[in-house]
Amino acid sequence: MKILVAIKQVPARDSQLKISSSGLSVEDADLSYEINEPDAYALEAGLQLKEKHGGEVVALCLGPARAAQTIREALAKGADRAIHIEGDEIGFLDPLSAARILAAAARAEAPDLVLTGLQSDDFGYGQTGPILAELLGLPHATLIMEVEKTEGGIRVKRELEDGWFQHVEMPLPALLSIQSGISKLRYATLMGIKKAKTKEVKRLAPTDLGAASANSIQMDRVYLPERAKQTQLLGGSPKEAAALLVEKLKFEARVI
C-alpha cells in the first residue's frame, strides 16, 4: 500500500505573533517552526498502517526552503521518502491554490491512500483535504478517528457531535482527513534521525508540475483581535436575571 501524507510547517504554538509593516502577514524573522500538529497525527496513522500491512509512506510537503526541517522530522519518524514542493510564496496559499499543486504531485505518485490533517494550526481553513480529494476524484471522509484495512478497501471511524461516531466502508484509493489525538505520537529515534539523512527527498517547483502558485484569495488586512471590556447590569429577580444571562451567553457571546 502506497500512503501519501500531506504535511505542513507552521509557526510553533507558543510563538509571539507580530503584524508585518505591510499589514498583510506576520513577521517571520524571529519565529520558530514545527510540523502542523494535525498533520503529525496523519503521519502517525500512515506509519501504523504501513507497519501492519506493508508498503511505503511518502511525505508530501508544500512550503519554503525552511520546511526541509519538517520533512527531515517526518523521515526520521519512519516515512520512506519525501517530496518537497518549494517556493517562498507557497506558505501563504489559500486552500484551493495549495490543493491544485498538491494534486499535481499526488497524480504522479498514484497512491492507494492520501492522508491529511484535519486543518492547519496557522490559517485553520480545514478545506485543503476535501478540495484535494475532489481534484483527484477520490472518495473522502473527514474527522477520522480510526482506519482499518479491509479486504475490499478500508473501514473508518468518524467523530460526530455529542459523542456520536460513524463507521464507513470505503474503497481504495481514497483520501482521509485525520482528527488530532487519535493515537500517541512517536518520537524520532537516534537511528531514525541517522537514516533520514540517506532517504530520498525530491524537490520540485510548482512550475515543474504545471501548476500555478497564485492565490485565489486576496488578503486585504491582517490584524490582532481588539480587546474590549463591556459591563452590563441585569435587573429583575434572580430567576429573571439568570434567564437573561443565559440568553446573552448563548446568542451574544456565543460561549454556550
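Listed from fewest to most Cβ neighbours within 10 Å, the set Lys229, Lys248, Lys184 follows the order Lys229, Lys184, Lys248. Each of Gln69 and Arg254 was given a label point 7 Å from its Cα along the Cα-to-Cβ line. The distance between the two points is 3.5 nm. All other residues with a Cβ under 14 Å from the Cβ of Glu34 taken together, and with Lys, Arg as +1 and Asp, Glu as -1, what is their net charge? Around Glu34, the surrounding residues sum to -2.
Residues of the stretch 112-127 with an amide N closer than 17 Å to a point placed 7 Å from the Cα of Glu134 along the Cα-to-Cβ direction: 119, 125-127.
The lysines within cross-link reach of Lys197, meaning a Cα-to-Cα straight distance under 21 Å and a gap of 8 or more places when in the same chain, are Lys8, Lys50, Lys77. DSSP bridge analysis restricted to the stretch 93-205 gives an antiparallel fraction near 60%, rounded to the nearest 5. Placing unit charges on each Cβ (+1 for Lys and Arg, -1 for Asp and Glu) gives the chain a dipole about its Cα centre, and among Ala29, Ala74, Tyr187 the Cα reaching farthest toward its positive end belongs to Tyr187. For Rg and Dmax of the Cα atoms in Å, the candidate list reads (1) 18.6, 59; (2) 21.2, 73; (3) 22.1, 77; the entry that matches the value derived from this model is (2). DSSP beta bridges fully contained in the stretch 2-209 are about 35 percent antiparallel. A simple spin-label model places the labels of Asp30 and Tyr223 2.3 nm from each other, with each point 7 Å out along Cα-to-Cβ.
Roughly how many debye, to the nearest 20, is the charge dipole of the chain about its Cα centre, given +1 on each Lys and Arg Cβ, -1 on each Asp and Glu Cβ, and no other charges? Dipole about the Cα centre, nearest 20: 560 debye. Using a simple spin-label model with pseudo-atoms 7 Å out from Cα toward Cβ, Leu185 and Thr198 lie 2.8 nm apart.
Computed extension length for Ala205-Leu96: 37.5 nm, one decimal, from 0.36 nm per residue of separation with the Cα-Cα distance subtracted. Short-range pairs are left out: with C-alpha atoms under 8 Å and at least six residues apart, the relative contact order of the chain is 24 percent. In a fully extended conformation the segment linking Lys52 and Ser21 would gain 6.1 nm over its present Cα-Cα distance, using 0.36 nm per residue.
A short reminder: the numbers here are calculations on the coordinates, not readings from a lab. All figures in this text were calculated on a predicted structure; none of them were measured in a lab. Every residue, glycine among them, receives a Cβ derived from its backbone with ideal geometry; neighbour counts consider all protein chains shown.
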